[in-house]
Amino acid sequence: MFLLLMFQGLTIIAFNNGNFDTNTVLELLSLGPTYIIMEFIESVLDILMMYGAYSTSRGSAITRVIWRFCWFTAASLVICYLYIKALQDGVQSAPFKIYVVVISAYAGFQLIISLLMSIPCCRGFTNACYSWSFVRLAKWMHQEHNYVGRGLNERPLDYIKYVAFWLVIFAAKFSFTYFLQIKPLVEPTRLIISFKGLQYQWHDFVSKNNHNAITILFLWAPVASIYLLDIHVFYTIMSAIVGFLLGARDRLGEIRSVEAVHRFFEKFPEVFMDKLHVAVPKRKQLLSSGQNAELNKLDASRFAPFWNEIVKNLREEDYISNTELDLLLMPKNIGGLPIVQWPLFLLASKVFLAKDIAVDCNDSQDELWLRISKDEYMQYAVEECFHSIKYILSSILDKEGHLWVQRIFDGIQESISKNNIQSDIHFSKLPNVIAKLVAVAGILKETESADMKKGAVNAIQDLYEVVHHEVLFVDLSANIDDWSQINRARAEGRLFSNLKWPNEPGLKDMIKRLHSLLTIKESAANVPKNLEASRRLQFFTNSLFMQMPVARPVSEMLSFSVFTPYYSETVLYSIAELQKKNEDGISTLFYLQKIYPDEWKNFLTRINRDENAADTELFSSANDILELRLWASYRGQTLARTVRGMMYYRKALMLQTYLERMHSEDLESAFDMTGLADTHFEYSPEARAQADLKFTYVVTCQIYGVQKGEGKPEAADIALLMQRNEALRIAYIDVVESVKNGKPSTEYYSKLVKADIHGKDKEIYSVKLPGNPKLGEGKPENQNHAVIFTRGNAVQTIDMNQDNYFEEALKMRNLLEEFSQNHGKFKPSILGVREHVFTGSVSSLASFMSNQETSFVTLGQRVLSNPLKVRMHYGHPDVFDRIFHITRGGISKASRIINISEDIFAGFNSTLRQGNITHHEYIQGW
């Protein structure tokens, strides 16, 4: 109705050449009769559409429909009569003035009521006073088209943003319509009307003597059709623009390449501590005192175990190779060196680049260091090598040997302080020094033996000769007594004879790392190479810069459950399924090997198999067969993949619990003895207990009892998943047939089981049901019977074709904090999460569908949530306020036919009960 009135008004203005004179105003007043006639037609349709329902309708409802019909019948007659008389008598006539007064009064009444109903307090007042006859009459006459239930209106600010969004759309649409659709047709229409005496090939009773009406109709029909339909186009364009701006504001996509991950890596520890880590008292002290170096090292030491666990999970999932794993792992940064040690993939080949710069540079010391410092990771590599060499040599040498190391490095520091480094060191001989250091580190990283120890002593002696005779100018007069002692020991052959072999794991790892820094010449700019691993690291690191609530300690966070409905889909691929060939002679295993070649190679390396080995060799070992089945299942839409992904929540909570209990002075004891931040947190009983208190995973396998009774492979695979995941719980409906009083009887129980220490099903709960719970749609009923087994404040609904990642699980407690944040008039009841479709790599069609889903679920849902505030529940990663929903109708409805899409109706159910559905993009669903 609104669109038709605007089309009429724009057409009138266009045919009057945009002039607003008396004639134009008079023609524009024809909108009044048009509107009232359309209201009359609507009242007639109301009567016709209610046919058959009169016998069951209340008398008051029928009376209102009839009165509405009578009202608009009379109004249309009066308005049309007044307007016709006004056209006949002119603007100075009484009918025209009466018509203007009537139209103005009616329009003013409608406008005032609309404005008042837009104000929350006025709407609340009218809802409270609905029993008053005057209020009911006013609302009946207004016939509001804004379908907002009682008590569901939003804040004025949200309403203003909503109105502004649509005003911009309508302004663009009507401008486009006027200037590019209607106005260009004005002159052609006038020309067609002016044609006289046209002879039509076919008889035309309409156009003849009627200004060629049919021709004009066909000229305007496409324009009118497009006009009625193109509002969706303008909405899409507006959504794209607003969504892009909101995404830019939220800093989405700032890190969208591996190069960007490398560039911003040094900032990750700080933002990680700000967003995903609980407050550390020592960190606050360092912040207030301005000790930036100590602060950076503390942040790195706290960040390292989380980063390493992310990287190790990528290796366990076969997305990266062992070489890439070594490059991506980060040292624990506790004790030892006074600098932050970064992963090798940032520092690879930087030492050789710095060496080339030093050899070719003839400028001053400051200019040389400035050129090196332009690449911050080159600077870090040089500093780490300097401190590592000093630390390693000082640790393995004693007495005169230790004194020699001290004097050499003191001399270098003195040259730097005096700005004499260019004159005291012959940089052209640096390659010789690097070669000798590589030899020393290459020997020391091996296992101790007499030959190795002798070789290490000789290698250090060679290093001594190169340093003293080729590279470094040593002023012996500065510390003549010390140098005399060193020279005497050198002459007697005991300078390096008392070498202590580096058996300490931390020192051994430092030597291996130094050897890598001095030998890796290839750039690691494309590490990791796997596209999925790169995408995941890019999104995780980018999300660290986005706004999110500060995480509370695990002991204080909201507890939550994850809920997955399952019927009879694939749990694990069997060997027969993997080997079965289709009509083209291609097996599932062969197909997976070809579309994931790097992951297949990494898998073979992980199980210690040669990459050129035949597939049949994998079938010789039961363990290899199971690993092969899991590898293939983790790349399909299987329950095994979903279970593995959801159990990352528990793993993340265990790591967070374990490390939060450690103060800075206890952090080193939390790590193992290696130089990397490995914690072995899985073995901590406190961490396991805390994680189990905060997280529950229930898979509602409706017919698991039937499958187990029939010996189906799905039941055996589900049992295997329970054995491999101790926190996994299976809910199912158990049907018990019995005989009571000589008659057969069927009883239904809703049961929850887990695996005991012997791998057998152990019943936790058994709830007798009044009858067969499957009365409506299967999937909602499957969820409804088992929702009683969930625990905590929130529940996340996940389909069995979805996945999860460890790095995203780290942000779950931040997401749960959104329930206590201010998101409008009402508290959040459903937390929407952006979704990623993981099947995009399977085929071109899958890739297209994945991109389409990203567009709809991400950008579209972003705009529906803000500024429109009309987002419903879409996408199973959404997180429900469990208490809110189980006391207000549940998370899914099972009525047949009308509630087939149970997740959509969960959003309706939540909104109608004064819930608030939000959307968050710093965490990603799958």
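Bear in mind that the values in this text are calculations on the coordinates, not laboratory data. This is a predicted model, so every value here is computed, not measured. Here the Cβ positions follow ideal geometry from the backbone for every residue, glycine too, while neighbour counts run over all protein chains shown.
With viscosity set to 0.890 mPa s and temperature to 25 °C, compute the Stokes-Einstein D of the stretch 2-229, Rh being the Kirkwood radius across alpha carbon pairs; µm²/s, no decimals. Answer from the Stokes-Einstein relation: 116 µm²/s. Using only side-chain charges placed at the Cβ, +1 for Lys and Arg and -1 for Asp and Glu, the dipole size of the chain relative to its Cα centre rounds to 3600 debye. Extending 7 Å from the Cα toward the beta-carbon at both ALA689 and VAL91 defines two label points whose distance is 8.8 nm.
Looking at the stretch 316-404, the trypsin sites (Lys or Arg not before Pro) that sit in a DSSP loop and have at most 16 other Cβ atoms within 10 Å of their own Cβ are LYS374, LYS399. Take every Cα pair under 8 Å whose residues are at least 6 apart in sequence, average their separation, divide by the length of the stretch 258-529, and the relative contact order is 24 percent. Taking the helices alone, the chain has a mean residue ellipticity at 222 nm of -17500 deg cm²/dmol, built from -39,500 (n - 2.57) per DSSP H run of at least 4 residues and averaged over all its residues.
Of the trypsin sites (Lys or Arg not before Pro) found in the stretch 430-534, the ones in coil according to DSSP and having at most 10 other Cβ atoms within 10 Å of their Cβ are LYS521. Against the chain, whose longest principal axis comes from its Cα atoms, helix 133-142 is set at around 80 degrees. Remark on SER349: its backbone amide H falls under 5 Å from those of ILE520, a criterion applied only to residues 5 or more positions apart or on other chains, H modelled at 1.01 Å from N.
The gain in end-to-end length when the LEU152 to ARG609 segment is fully stretched comes to 158.3 nm, 0.36 nm per residue minus the alpha carbon separation. Cross-linked pairs LYS332/LYS436; LYS332/LYS601; LYS445/LYS500; LYS445/LYS601; LYS779/LYS893: Cα-Cα separations exceed 18 Å for LYS332/LYS436; LYS332/LYS601; LYS445/LYS601. Between the helical axis of 505-519 and the longest alpha-carbon principal axis of the chain there is an angle of about 80 degrees. Using only the C-alpha atoms, the convex hull of the chain corresponds to 299 Å³ per residue.
Spin-label model, ASN503 to PHE244: label points 7 Å out along the Cα-to-beta-carbon direction sit 6.6 nm apart. Along the charge dipole of the chain, Cβ charges K/R +1 and D/E -1, which of GLY506, GLN924, SER417 sits furthest on the positive end? It is GLN924, whose Cα lies furthest towards the positive end. Contact order, relative form, for the stretch 2-229: 17 percent (alpha carbon pairs under 8 Å, 6 or more residues apart, mean separation divided by residue count). Per-residue Cβ neighbour counts within 10 Å put LEU653, LEU507, LEU229 in the sequence LEU229, LEU507, LEU653, beginning with the fewest. Oblate is the label for the stretch 227-338, because the ratio a/c of its alpha-carbon gyration tensor axes (a ≥ b ≥ c) is 1.5 or higher and a/b is not greater than b/c. In this calculation the C-beta distance from VAL25 to HIS232 is compared with R0 = 25 Å, giving a FRET efficiency of 0.15. Against the chain, whose longest principal axis comes from its Cα atoms, helix 713-724 is set at around 50 degrees. Cβ under 9 Å from MET548's Cβ, MET548 left aside: what net charge do those residues give with Lys, Arg +1 and Asp, Glu -1? Counting the neighbours of MET548, the net charge comes to 0. With r as the distance between the Cβ atoms of PHE590 and ARG494 and R0 = 56 Å, compute the FRET efficiency 1/(1 + (r/R0)^6) and round to 0.05. Working from the Cβ atoms, E equals 0.30.
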